[in-house]
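Q: Got a structure for you, written out below as C-alpha cells; questions coming shortly.
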Amino acid sequence: MDAGTVLSYLAVAMTTDGRFPTGGYSHSHGLEQAISRGHIRPEDPFCSLARWLRTQLQTVVITGAAQSAWAAHHSAIGHGDLSAVNDRSDLLILLDSEIDARTPSPRAREVSRSLGRRLITNLLVGWTTPSTKFAEIRVAPVLPEMPGLCGEPFGGVDGIEGALAPLELLAIEVASPHLSEVTGCFLGCLGTSPVEAAAAWCYNCLVSHVSAAVKLLGMDPVSAFGLLPSLGDIISDVVAEASHFASRPASELPSYSFSLADALLEEHATRKDRLFAS
Amino acid sequence: MHLEIPQGGSRSPSSIETDSLPVKIGIGGPVGSGKTALVAELCRSLSGRINLGVVTNDIYTTEDAEFLKRQGVLSDDRIVAVQTGCCPHTAIRDDISDNQAAVESLVRAHEGLELVIIESGGDNLTATFSAGLVDKQIFVVDVAGGDKVPRKGGPGITRSDLLVINKVDLATLVGADLAVMERDAWEIRQGAPVVLISLRTDEGVIGVVNWVSALVEGARQMLKIA
Ligand SMILES: Nc1nc2c(ncn2[C@@H]2O[C@H](COP(=O)(O)OP(=O)(O)OP(=O)(O)O)[C@@H](O)[C@H]2O)c(=O)[nH]1
Ligand SMILES: [Mg+2]
C-alpha cells in the first residue's frame, strides 16, 4: 500500500472515530427528543431504534451522504494544481447554499454549521503531513478565530498549495461550513473516493444516534451497535445512491427530509432540561 | 511571581504563571461539592476589578447558569452554558470543542476579557481539564463526603493546581476530621496548595480569591513586559 492510500485510510479512520475531537459526542440529532416524546420505545418493534435509524438513513443521512460524496469528488485535485484549486472556490460556495436549501430545520442548519466549523478548524490545525506543504502559512490565520480568516494575512488564494488546499479554500470562503461538506472535502483532498466518503458519512450519523441511544435508553451497547451490520443492505443502497450524485450538477443533489425529526430538533432546542446539545 | 496561599504548600513559581489573557481557570469536583457556590463567590469578589466571564457545564438543565444569573453576580451575557451529552468529563478533557467555542464566544463578545472560569459538570475524582482548555484548575471536594476523600486520590485531587476542601462548617456534623483531611491532602499532593474553606461562613474563601486574582495579575504583568 502506498503512502497516499495509507493517508486516505487514516483520514477516514480519524473522521469516523468518535475519539477525534469534533464536538459530535454532545449531539443526538433529535434522538433525545424522539425518546422523550415516546417515538422510540425499545420494547415496541414499531417504535424501535432500528426503525428510527432506517428512516434516518433513507432521508437525512442519504441527503448528507450525497453532499459529502459531491464535496469529495470536487475536492480531489492533483497536489499543487493551483488553477484547479481556484476553480473550486465557486463550487464549494455553491454546495454550501445547496445544503442550506436541503436542510429545512433552522436548528439542524445551525448544528451542522457549528460542527463543521469545529471540524475544519481542528483539521486545518491538526493535520500536517509531508504532503501538506503549506503548513506554515496556514496555521497563523486559522487560529484562533476562523471568521477573521477571510481576506486576512493569508496571501490570498494564490498562496495555497498542497493536498488540503480545497479545505483551506472552504475555510476562507465560508466562515462556518456545513459538516457534510467539510467531511467530504477533507476526505476528497486525501484521495478518498466519493463512495468511501458517503459510507463514512453514513457511519458517522448512525454512530451518533446509536451511542446517544446507549446513554439515554441504557441499551445493551453490543446489541445497539449490532444494528449497524443488520442495516447493511440499506446502508449499501444508500451509499450507492448517494455517491451516484457526486459528479452530477449540485442542483440535482437529493433532498429527502424527515419532518418528524425536524420538528423534534426544533422542539428540543427550546428545552431547558436536556442532556444533549441537539 | 510568588503566590501567598494561606494554607497548603507552594509550587515552584513558574508553575503558577500564565502569560496570556484571558486566563482560563477550570473548576471541577464531585456533584454538590460547591463548585457553583465558589464560582458565584469569585464573581462577586472579582468582577469589580477583573473583566471576567463564566462557562457552565451542567449535566442536565441549565441550573448552574440560571443560579449564577439569579445571584446577579455577573451580567447574563457573561454566562454561557454548554451541554455535555451525558459526558461531563469528555467536555472538559477528551473533546473540548464545545467549551472552546463557548470561551471563544465570550472573548468575541467582551473586549479585553481577562478571566474565564469554566465550571465542570459534577463528576468523579478522575475528572481533570485538558491543558488545551484551561491554564489552571481548581478541584473542589467537600467535607460532607467524609474525611477519606483526599486520601482516595485520583487525578482531580493529585493533579489540580489548587485543591479546595469546602464545607468545613459541616465537619463536626458529619464527624470529619479536618486535620486528617488537610494532612492527607498535603501528602498526596506533595505540597501543592490546599485550602480549607466554607462558602457558607466565608471562612478561608479569601485564599481562593487571592489565588485567582494573583494569576490574572501575573498575566497582566507578563503582558506588560512582553
Ligand atoms: N453547609 C455548606 N453548604 C454549602 C457550602 N458550599 C456550598 N454549599 C451548598 O451545597 C449545595 C451544592 O452547592 P453547589 O455550589 O451547587 O455545588 P456544585 O458543585 O456546583 O454542584 P453540581 O454543579 O450539581 O455538581 C448547595 O445547596 C450549596 O448551598 C458550604 O461551604 N457549606
Ligand atoms: Mg454546579
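The values are calculated or read from the model by the stated rules, or taken from the named source; none is laboratory data. These numbers come from a predicted model, not from an experiment. Glycine also receives a Cβ, built like all others from the backbone with ideal geometry; neighbour counts cover every protein chain displayed. All accessible areas refer to the heavy atoms of the entire protein, side chains included, with ligands and DNA or RNA removed. Shrake-Rupley method; radii C 1.70, N 1.55, O 1.52, S 1.80 Å.
Q: What residues in the stretch B:65-99 lose 40 Å² or more of accessible surface when the other protein chains are added to their chain alone (1.4 Å probe)?
A: Buried-area filter returns B:Q83, B:G85, B:C86, B:D95, B:S97, B:D98.
Q: Using per-residue counts of other Cβ atoms within 10 Å, averaged over each peptide, order A:221-233, A:30-42, B:106-118 from highest down. Provide the component values of the computation, followed by the final result.
A: Details: A:221-233: 13.0, A:30-42: 20.5, B:106-118: 18.2.
With the highest mean Cβ count within 10 Å placed first, the list reads A:30-42, B:106-118, A:221-233.
Q: Okay, next question. State the answer as a single residue: which of B:S198, B:Q100, A:L275 lies farthest towards the positive end of the charge dipole of the protein assembly as shown, with beta carbon charges of +1 for Lys and Arg and -1 for Asp and Glu, about the Cα centre.
A: Positive-most Cα among the choices belongs to B:S198.
Q: Related question: To the nearest 20 Debye, how big is the dipole of the protein assembly as shown about its Cα centre, given +1 on the beta carbon of each Lys and Arg and -1 on that of each Asp and Glu? Could you put the intermediate results ahead of the total?
A: Numbers: 40 positive and 60 negative charges, 176 e Å.
Once rounded to the nearest 20, the dipole reads 840 debye.
Q: Per residue of A:42-55, what is the mean number of Cβ atoms on other protein chains within 10 angstrom of that residue's Cβ? Walk me through the numbers on the way to the answer.
A: On the way: counts 0, 0, 0, 0, 0, 0, 0, 0, 0, 0, 0, 0, 0, 0.
Taking all residues of A:42-55 together, the mean is 0.
Q: Given the -39500 (n - 2.57) contribution per DSSP H run of 4+ residues, what per-residue ellipticity at 222 nm results for chain B, rounded to the nearest 500 deg cm²/dmol?
A: Details: 8 runs with 79 residues, N = 226.
Rounded to the nearest 500, it is -10000 deg cm²/dmol.
Q: With solvent modelled as a 1.4 Å probe, how much accessible area in total do chains A and B shield from it at their shared surface, in Å² to the nearest 100?
A: 1700 Å²
Q: Moving to a separate point now. With r defined as the distance between the Cβ atoms of B:A109 and B:L170 and R0 fixed at 51 Å, what FRET efficiency is calculated, to the nearest 0.05? List each step's numbers first, then the result.
A: On the way: r = 38 Å, r/R0 = 0.75.
The calculated FRET efficiency here is 0.85.
Q: Below 8 Å between Cα atoms, with a sequence gap of 6+, how large is the relative contact order for chain B in percent? Mind showing how you got there, number by number?
A: On the way: 454 pairs, mean separation 68.6, N = 226.
Across chain B, relative contact order equals 30 percent.
Q: Rounded, prolate or oblate: which one fits the protein assembly as shown, using the alpha carbon gyration tensor with axes a ≥ b ≥ c (rounded when a/c is under 1.5, else prolate when a/b beats b/c, else oblate)?
A: The shape class here is prolate.
Q: Considering the options B:V143, B:A131, B:G153, tell which one lies farthest towards the positive end of the dipole of the stretch B:130-172, charges being +1 on Lys and Arg and -1 on Asp and Glu at the Cβ, about the Cα centre.
A: Of the candidates, B:G153 comes out farthest on the positive side.
Q: Over 32 Å between C-alpha atoms is what I'm after, so list which of A:K272/B:K148; A:K215/B:K69; A:K272/B:K152 land there. Write down the numbers at each step before the final one.
A: Numbers: A:K272/B:K148 36 Å; A:K215/B:K69 30 Å; A:K272/B:K152 35 Å.
Listed pairs above 32 Å: A:K272/B:K148; A:K272/B:K152.
Q: Using per-residue counts of other Cβ atoms within 10 Å, averaged over each peptide, order B:166-176, A:200-210 from highest down. Provide the component values of the computation, followed by the final result.
A: Numbers: B:166-176: 17.1, A:200-210: 21.9.
The packing order, highest mean first, is A:200-210, B:166-176.
Q: Given labels modelled 7 Å from the Cα in the Cβ direction, how far is it in nm from B:V31 to A:D220?
A: Label-label distance for B:V31 and A:D220, simple model: 2.7 nm.
Q: Kindly identify the stretch B:165-206 as rounded, prolate or oblate by the Cα gyration tensor criterion: order the square roots of the eigenvalues as a ≥ b ≥ c, call it rounded if a/c is under 1.5, otherwise compare a/b with b/c, prolate if a/b is larger, else oblate.
A: Working: a/c = 3.81, a/b = 1.36, b/c = 2.80.
It comes out oblate by the Cα gyration axes.
Q: Report ³J(HN,Hα) in whole Hz for each residue of the stretch B:90-107, in order, from the Karplus equation J = 6.51 cos²θ - 1.76 cosθ + 1.60 where θ = phi - 60°; Gly and Pro get x.
A: Calculated HN-Hα couplings, in order: 4, 5, 9, 10, 7, 9, 8, 3, 5, 5, 4, 4, 5, 4, 4, 5, 5, 4 Hz.
Q: With every protein chain left in place, what is the accessible area per residue of the protein assembly as shown in square angstrom, probe 1.4 Å? Mind showing how you got there, number by number?
A: Working: 20270 Å² over 504 residues.
So the protein assembly as shown comes to 40 Å² accessible per residue, rounded to a whole number.
Q: Still on this structure, I have one more. Roughly how many percent of the accessible protein surface of the stretch A:1-61 is carbon and sulfur, given a 1.4 Å probe and a whole-percent answer?
A: Values: 1760 of 2980 Å².
Carbon and sulfur atoms account for 59 percent of the accessible area of the stretch A:1-61.
Q: Right, something else. Which residues of the stretch A:243-278 show a drop of at least 30 Å² in accessible area when all protein chains are present, compared with their chain alone (probe radius 1.4 Å, heavy atoms only, ligands and nucleic acids excluded)?
A: The answer is A:K272, A:D273, A:R274, A:L275 - residues whose exposure falls by at least 30 Å² when every protein chain is included.
Q: Taking amide H atoms as placed 1.01 Å from N in the peptide plane, list the residues 5 or more away in sequence, or in a different chain, whose amide H sits under 5 Å from that of B:N166.
A: Placed amide hydrogens put B:V141, B:D142, B:V143, B:I197 under 5 Å from B:N166.
Q: Based on the mean of other beta carbon atoms within 10 Å per residue, what is the order of B:61-67, B:86-92, A:167-173, most packed first? Present the calculation step by step, with values, prior to reporting the outcome.
A: On the way: B:61-67: 18.1, B:86-92: 23.0, A:167-173: 24.6.
My ranking of the peptides, most packed first, is A:167-173, B:86-92, B:61-67.
Q: Can I ask one more? Quick one: which bits of the stretch A:207-224 get at least 10 Å² less accessible when the partner protein chains are in, versus the chain alone, with a 1.4 Å probe?
A: Buried on complex formation: A:K215.
Q: Going by amide H atoms built from the backbone, whose H comes under 5 Å of the H on B:I118, apart from near neighbours?
A: B:I25, B:G26, B:I27, B:V55
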